[in-house]
Structure formats: C-alpha cells, structure tokens
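Report on the following structure.
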Amino acid sequence: MVDDILRTPGAVRDAERWTAHNYHPLPVVISSADGAWLTDVDGRRYLDFLAGYSALNFGHRHPQLIAAAHAQLDRLTLTSRAFIHDQFADFCRELAELCGKDLVLPMNTGAEAVETGIKVARKWGYQVKGVAAGQANIVVAEGNFHGRTTTIVSFSTDEDARADFGPYTPGFTVVPYGDLDALAAAIDENTVAVLLEPIQGEQGVVVPPEGYLPGVRRVCTERDVLFIADEIQSGLGRTGATFACDHEGVVPDMYLLGKALGGGIVPVSAVAANADVLGVLKPGQHGSTFGGNPLACAVAIEVVRLLATGEFQRRSAELGERLRAGLEGLVGKGLVEVRVRGLWAGLDIDPALMSGREACERLMERGVLVKDTHGSTIRLAPPLVVTEEEIDLAVAQLAAVLAG
Ligand SMILES: *Cc1c(COP(=O)(O)O)cnc(C)c1O
C-alpha cells in the first residue's frame, strides 16, 4: 500500500542535500497548517508550540489576515517607496497609535529593524545630543539576540553566532543583563542608546529582575540616552500585553518590531518612535526596496487591528496562567526551572535527564513541535489562538517525555 511508504525520510534528505547547514531542523516536513496545528507530508498532525519564534502569534492562516493578503494580491503588490501607495498611511498611523508614538519606519526583517534603530540612534547622537564625530556608543546586554547581520553579531556574546565573522563593528559595550548598576556605569558622554530585549527570548525567555526595566528607563532619561526596546519576539501580544515593557509600565524611546507584525504571511518589521528621534532621517539616508510594500502593509494593518481589540493580549495573559500552572507542576519532575510570561515559557530541563534537543525530538514523536534554545533549555511559544485543551495536551505530553 502506498500509504505505508512514509514520505518524510526522503523529504528530510532532500531538504538537507540542497541547503547550507545553518539550521538543525527537527526531522519533520510540514505541508499544511491551520490555527495551532501543522500537518506533515504523511498526514500526521502536530501542535505548533513554537509559532515561528512568535511570527505566528495569530496562528496559521488567520482568516482575517489571509483575506487581506488575497485582496491585496489582486490589486497591488509592490511600488517601492519611490511612489506612495494607498495602504501606507493607514499602516503607519495605526501602528504608531498602537505604539503611542508619532512615527513609524517600516522595514522587512527584524535584523533590519535593529540596524535601523542603531543608525537612527547614532544620527540622533551626533545631531541632537552632540556626540563627537565617530564616537557614538550603544550599551547592549550579555546573552542578547538581535539578529544576524555583521554589525549585530559584532556585539553578540554567543560564540556560534559571532566567531569567524569579524572584523567586528565597533561602538558597542556589553554589560550583564539585569544589572542596573553595571548598565549605568557603562554610560558615558558618547552613549547614544541602550539596546535591550525586555525579555531575552533566544536566551531562554529570561525575565530581568523586577524594577530593572523602570531603572533602565530612569537612567536613560537622566543621562540623555535613548532606550531602544527590541520587542521583535516579545511584543505584539506574546507576553499577555501589547509589549513586554508594559508589564512594568515602561515606555521606551524606540520600539523595534518584527515577527508577528507580518501575520505569519510576509516579513514585516518596523521602528516606532517620536518625531524628535525618527525625524533625524532625511531622504536618501536610509531605506529599503521592499519595506512598507502594499502587501506587507495590507497584512500588517489587519495585525494591528487584531491587536487593537486587546483580545489576543487577554487570551495570552489568561491562557498563560494555565500554561504556568501546568509547567510549575513539572518542576522537580524533570524541570529545574520555568519562566513564564503570557504564552511564552522558558523551561530548563534537568541536564542529567536529557538535552533540549532530545526533549524536542521526543515531543515531536508525541505530536508537539517545539525547539530548544541552547543546552537543556527549551522555549514554548504557542500561537495565541491556542485553546485550554491544547495547552493541557502539550503539558501532558511534556510530562510524559520527562517521565521517560
Ligand atoms: C528574531 C529576532 C530578531 C531578528 O529578526 P529576523 O527577522 O530573524 O531578522 C531580532 N531580535 C529579536 C529579539 C528576535 O527574536
């Protein structure tokens, strides 16, 4: 019977044969998806508890987002920024309003949003703060993940991400994450910005000590330094609020957004800031051929509208408590520690038991897809459309894996 021949092994081999090995994917080959569920080439179904590293906050193929994409595909897909298109103003205004900022600068990938933030902060430093030419410095945190460009990996503390990609871009100072005194001590007259993830996602959903983010805000204001929050993974509903900074009532000078902004359909990123900051850019000084294209804007407008209702943030907060309760019940039963904010969890598995990779492979066999971050740490980030039953199912499968 043809049904007995699994297509997966051949499809895995083919995929590995023709690509650089810059990823180590789980041996599963997905062919369709809906909401929180994935289906592989053999028709097996899996719960998606990674959600594209938060790029799929609204689940796979959310009807409102798919409808917007289809409608836009039938009208207009690309103009370049040389001309204005009819989706641009609505996107920028609605996202600016969601962020409580004056202006938005659309880009495509997260790394481009980070690069944009760095460029804007440097220009602001020279033109507004009065930093001496070529001296601008940005303070960043140990364990950061901001993307993969040559400048961004220059201040990574992950040797895999950084080694052999030099010469490195100067102008960054790395301080321990969560240590306000160290951060304040690293700031001098040349410091233009502090660039942080309010929760470090790739590091394993590391939540800084309470009071840290308000402290960073205070120090930045006192020392005339821009606070740039990289909310590319933590933002747009993931943590049970629009932004992870909201949990501590902190408003950064600049939000960096990406991932979920594209609705799981197209890459969309953006920088949001007030006019005294983003206004330093003049024509010709920065740009992107695809940034803010009509298809991207049409999808992202609907993303912003989904978020504007607050429904997804509420779901994330409420269901996150169920996820937390389930996971905390496994501490001491294979888990050493769990960190949960909304529908976002970092789990440290007892390293004597198994590696994160092993746990992910065993969860895959049980129909739940997740990814290790490093060592024995794995991250759970289900789409925000996940149900209580699906959360319970994933926790039960994790319990079974940990029980051996
Ligand atoms: C994913 C991510 C980025 C980079 O986004 P890309 O779209 O992969 O370039 C930057 N910062 C954070 C916090 C991220 O999680």
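Some points to look at:
- Residues whose amide H falls under 5 Å from that of V336, counting only those 5 or more places apart or on a different chain, are D348, I349, D350, with hydrogens built in the peptide plane.
- Environment charge of Q285, counting only residues whose C-beta is closer than 9 Å and scoring Lys/Arg +1, Asp/Glu -1: +3
- The chain: relative contact order in percent, alpha carbon pairs under 8 Å with at least 6 residues between: 22
- Local electrostatic count, E115, Cβ distance below 13 Å [Lys/Arg +1, Asp/Glu -1]: +2
- Computed [θ] at 222 nm, deg cm²/dmol, the chain (DSSP H ≥ 4; -39,500 (n - 2.57); rounded to nearest 500): -10500 deg cm²/dmol
- Across the range 285-363, Cα-Cα pairs farther apart than 15 Å form 71% of the total.
- Our summary gives the range 163-247 a relative contact order of 28 percent, counting only alpha carbon pairs under 8 angstrom and 6 or more residues apart.
- Only the Cβ atoms of Lys and Arg (+1) and of Asp and Glu (-1) were treated as charged; on that basis the dipole of the chain about its Cα centre amounts to roughly 760 debye.
- Probe 1.4 Å - accessible area at Y168, Å² to nearest ten: 80
- The mean sequence separation of alpha-carbon pairs under 8 Å and at least six residues apart, normalised by the residue count of the range 76-308, gives a relative contact order of 31 percent.
- Normalised by residue count, the range 76-308 yields a Cα convex hull volume of 121 Å³ per residue.
- Counting protein heavy atoms only, the chain has 53 percent of its accessible area on carbon and sulfur, 1.4 angstrom probe.
- Beyond 26 Å, the tail of the calculated P(r) for the range 1-155 holds 54 percent of the Cα pairs.
- Reach of K282 by Cα under 14 Å, taken over aspartates and glutamates that are not fewer than 8 positions away in the same chain: none
- Ranked from largest to smallest solvent-accessible area, with a 1.4 Å probe on the protein heavy atoms, W37, W124 come out as W37, W124.
- The range 1-70: mean projected area of Cα convex hull, nm²: 6.2
- Each other residue within a Cβ distance under 14 Å of E361 adds +1 if Lys or Arg and -1 if Asp or Glu, for a net charge of +1.
- The charge dipole of the range 76-308, taken about its Cα centre with unit charges on the Cβ of Lys, Arg, Asp and Glu (plus for the first two, minus for the last two), comes to roughly 680 debye.
- Options F227, A273, G249, ranked by Cα towards positive dipole end of the range 193-330, top entry (Cβ charges): A273
- Efficiency of FRET from Cβ geometry, D276 and D181, R₀ 25 Å, rounded to 0.05: 0.30
- The range 367-403 residues near the modelled R314 label - backbone nitrogen below 17 Å, point 7 Å along Cα→Cβ: 384-388
- Whole-Å semi-axes of the range 251-404's equivalent ellipsoid (Cα gyration tensor): 37, 17, 15
- Extent along principal axes [Cα atoms of the chain; Å; largest to smallest]: 71, 52, 42
- In the context of the full set of protein chains, the chain has a per residue accessible area of 43 Å² (1.4 Å probe).
The values are calculated or read from the model by the stated rules, or taken from the named source; none is laboratory data. Values in this document were obtained by computation on a predicted structure and should not be read as measured data. A quick note on method: Cβ atoms are made from the backbone with ideal geometry, for glycine too, and the neighbour counts reach across all protein chains shown. For accessibility, only protein heavy atoms count, side chains too; no ligands or nucleic acids. Shrake-Rupley method; radii C 1.70, N 1.55, O 1.52, S 1.80 Å.
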